Amino acid sequence: MLEDVEAGAAAAVRLAGGAPLRSVLDVADPGDWLALDAGVREVAWYRPEFLPEWEHATPLPAAPARLGESRLALALCHRDGRIRQEALRQSVRHPGLLPLVVIRCADWVEPVREHARQLLRRTLDADSTLGLAPLILRVGRRDRGAFGVEVLGRVLRQASRGQLAALFTDPDRVVRRFAYRLAIEGRLLRPAELARAAARDQDTVVQDLCATAALAAPEGEDAYAGVLPPLLSARNPRTRSAGVTALRRAGRSEQAERFLSDRSALVRACARYVVRQRGGDPAAWYRERCTAADDPALPPGAVIGLAECGERADAGLLRPLLVHPSAGVRARAVAGLRALDCADTEQLRPLLDDPAAGVVREAAAALLPSAKELPADWLLERTGAERPRHVRVGAFRLLDAHGGVVALRAAVGLFEDPDVKLRTWAGQSVQRWHPLPDGRGGDAEVGDLLDRSRHLFSDYVLRRRKWEAGLDG
């Protein structure tokens, strides 16, 4: 894969030396063709000695036999528009160069551009379109690139369903979006097929396109039979939420109740809407489940759901859940108390030693506003190498928020931490460190810590930091 212009320039040099086109670039990768197009001009301007003699003279030799595929590929990318235009005339002998014809359809020189468009219009068919679609759509984002997209759409509208379906699984999400839009426009897919596509695809745009189209088609309760199951069982929350919202229209509002404890906040919100429209009370549903603090089957979504629609008084139901056997429940209980603005510092402190990383992460986030109230030495103990990584991260997050010499001491102490990300974070913390406005000036410990961090600063910046701290440079 040619990842940049430099790689494209190296490929151009190899082609100029006579290397076969397919040994130089991946002809199925649109990025390689675009890199080659830019790379040829890079070589022509800055390394002309690597190019053949005809590169330095115009016009291009008129006899088609004079240039093979590799040299003709260079000519199609030439900086001189006259050479590019002559190369287009010769390119009909080499179908493998059609991707470069696509690129020339957005050429900045009008005669070249028009010639390439005529050639593409005559040459493009349903079979060749399948391989060229990613490149056409990428070129379509350029100025004057809309022509190729229009031709692509016209050809694919005449393609068979099987040919279009080949694009539904293309690794390029832009291609999948384009193909599904055409399929929806032409009503080529049944609602159940669209629902399965929404549940399967990882791209949010495709999910929304297909889910919306699938739900727009059915009329009547029975028509949803093949649509709702794939949507409601989808892994991605956007698709599940579309299915949950559609339950009301389908006359199945009672099924929304089981999604009140979904792992996704979006799905839970949609479920609460459907339940309320039916006359239900989501908050009462959550309270009923959170009352049993020792229930091992309590879903974490029910805990955070209570905070999302409950009141401050519901914090009394969440506090006992801080010691629940499920890490997910403990984490959501912390997040719920934080959402209700009922986080108690002394109650949450022990959770910084929790064996579950998610619980410590939520506890640190909840304690951040009161970080300066926490004992600095107690937090510093938890940055020791013998502690689990998530505990060290949580403690340092709070120490960093502490500011002043406390934050500097903690960051410098982590320079030898076994985790590279934590070491990097510590270094960044030192680089942005400044003394507190009300801090004690002339602190010798600050000077020592800054000296140990000398490798992170220029001499000027280090002297500046010391001066800000009331120390001699």
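Test residue 215 against the criterion of being out of contact with any strand residue (DSSP E or B) (no Cβ under 9 Å at 6 or more places or on another chain) and farther than 28 Å from residue 124 by Cα, and give yes or no. Yes.
Condition check ((1) hydroxyl-bearing (Ser, Thr, Tyr); (2) within 22 Å of residue 346 (Cβ to Cβ); (3) crowded, with 19+ Cβ neighbours inside 10 Å; (4) at pLDDT 95 or above) across all residues:
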residue: 370; (1), (2), (3), (4): yes, yes, no, no
residue: 373; (1), (2), (3), (4): no, yes, no, no
residue: 388; (1), (2), (3), (4): no, no, no, yes
residue: 394; (1), (2), (3), (4): no, yes, yes, yes
residue: 399; (1), (2), (3), (4): no, yes, yes, yes
residue: 439; (1), (2), (3), (4): no, no, no, no
residue: 472; (1), (2), (3), (4): no, no, no, no
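Taking the criterion of being over 22 Å from the mean Cα position of the chain (by Cα), in a helix (DSSP H, G or I) and not aliphatic (A, V, I, L, M), the residues of the stretch 234-252 that qualify are 243, 245, 248, 249. One residue stands out in the stretch 234-256 among those that are within 15 Å of residue 197 (Cβ to Cβ) and of a type in the set (S, T, N, Q): the one that is surrounded by the most Cβ atoms within 10 Å (Cβ to Cβ), namely 239. Could you check, for the stretch 90-107, whether at least one of its residues is over 21 Å from residue 139 (Cβ atoms), surrounded by fewer than 17 Cβ atoms within 10 Å (Cβ to Cβ) and at pLDDT 80 or above? Looking for residues that are over 21 Å from residue 139 (Cβ atoms), surrounded by fewer than 17 Cβ atoms within 10 Å (Cβ to Cβ) and at pLDDT 80 or above, one finds at least one in the stretch 90-107, hence yes. Only a single item in (1) surrounded by 14 or more Cβ atoms within 10 Å (Cβ to Cβ); (2) over 31 Å from the mean Cα position of the chain (by Cα); (3) closer than 15 Å to residue 104 by Cα is not met by residue 132, and it is number (2). Return yes or no: is residue 231 part of a helix (DSSP H, G or I), at pLDDT below 95, touching a Gly at 6+ places or on another chain (Cβ under 9 Å) and buried (at least 22 other Cβ atoms within 10 Å of the Cβ)? For residue 231, the condition - part of a helix (DSSP H, G or I), at pLDDT below 95, touching a Gly at 6+ places or on another chain (Cβ under 9 Å) and buried (at least 22 other Cβ atoms within 10 Å of the Cβ) - is not met.
For the stretch 280-292, the criterion of a residue being over 30 Å from residue 202 (Cβ atoms), part of a helix (DSSP H, G or I), in contact with a Ser or Thr (Cβ under 8 Å, 6 or more places away or on another chain) and at pLDDT below 95 is satisfied by at least one position.
Just checking, how many residues over the stretch 315-337 are of a type outside the set (A, V, I, L, M), part of a helix (DSSP H, G or I) and crowded, with 20+ Cβ neighbours inside 10 Å?
Within the stretch 315-337, the first condition is being of a type outside the set (A, V, I, L, M), and the residues that meet it are 316, 319-320, 324-326, 328, 330, 332, 336.
Filter again for part of a helix (DSSP H, G or I), leaving 316, 319-320, 328, 330, 332, 336.
Imposing the further condition that a residue be crowded, with 20+ Cβ neighbours inside 10 Å reduces the set to 330, 332, 336.
Final tally of qualifying residues: 3.
If you go through the stretch 412-451 and keep only what is in contact (Cβ under 8 Å) with a residue 40 or more places away in the chain and over 13 Å from residue 465 (Cα atoms), you end up with 412, 445.
Residue-wise test of (1) surrounded by 21 or more Cβ atoms within 10 Å (Cβ to Cβ); (2) over 20 Å from residue 249 (Cβ atoms).
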{"site": "157", "(1), (2)": "no, yes"}
{"site": "164", "(1), (2)": "yes, yes"}
{"site": "167", "(1), (2)": "yes, yes"}
{"site": "173", "(1), (2)": "no, yes"}
{"site": "181", "(1), (2)": "no, yes"}
{"site": "185", "(1), (2)": "no, yes"}
{"site": "190", "(1), (2)": "no, no"}
{"site": "202", "(1), (2)": "no, yes"}
{"site": "205", "(1), (2)": "no, yes"}
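In the stretch 208-219, the count of residues that are more than 28 Å from the chain's Cα centre (by Cα) and free of Cβ contacts under 8 Å to residues at least 24 places away in the same chain is one or more.
Annotation note: Cβ proximity below 7 Å between a residue of the stretch 15-29 that is of a type in the set (Gly, Ala, Ser) and a residue that is at pLDDT 85 or above (sequence gap 6+ or interchain) occurs for 16/74; 18/70; 19/70; 28/131. Applying the set (1) within 33 Å of the chain's Cα centre (by Cα); (2) on the phi > 0 side of the Ramachandran plot to residue 388 leaves exactly one unmet item: (2). When the helices (runs of 4 or more DSSP H) confined to the stretch 354-473 are screened for residues that are closer than 30 Å to residue 321 by Cβ, those reaching at least 3 such residues are found at 357-367, 376-381, 389-402.
Considering the conditions (1) modelled with pLDDT of 95 or more; (2) surrounded by 15 or more Cβ atoms within 10 Å (Cβ to Cβ); (3) out of contact with any Lys or Arg (no Cβ under 6 Å at 6 or more places or on another chain), residue 424 is excluded by exactly one of them, (2).
The values are calculated or read from the model by the stated rules, or taken from the named source; none is laboratory data. Predicted, not measured: the structure shown is a model, and the values here were computed from it. Counting neighbours? That spans all protein chains shown, and the Cβs are built from the backbone with ideal geometry, glycine included.
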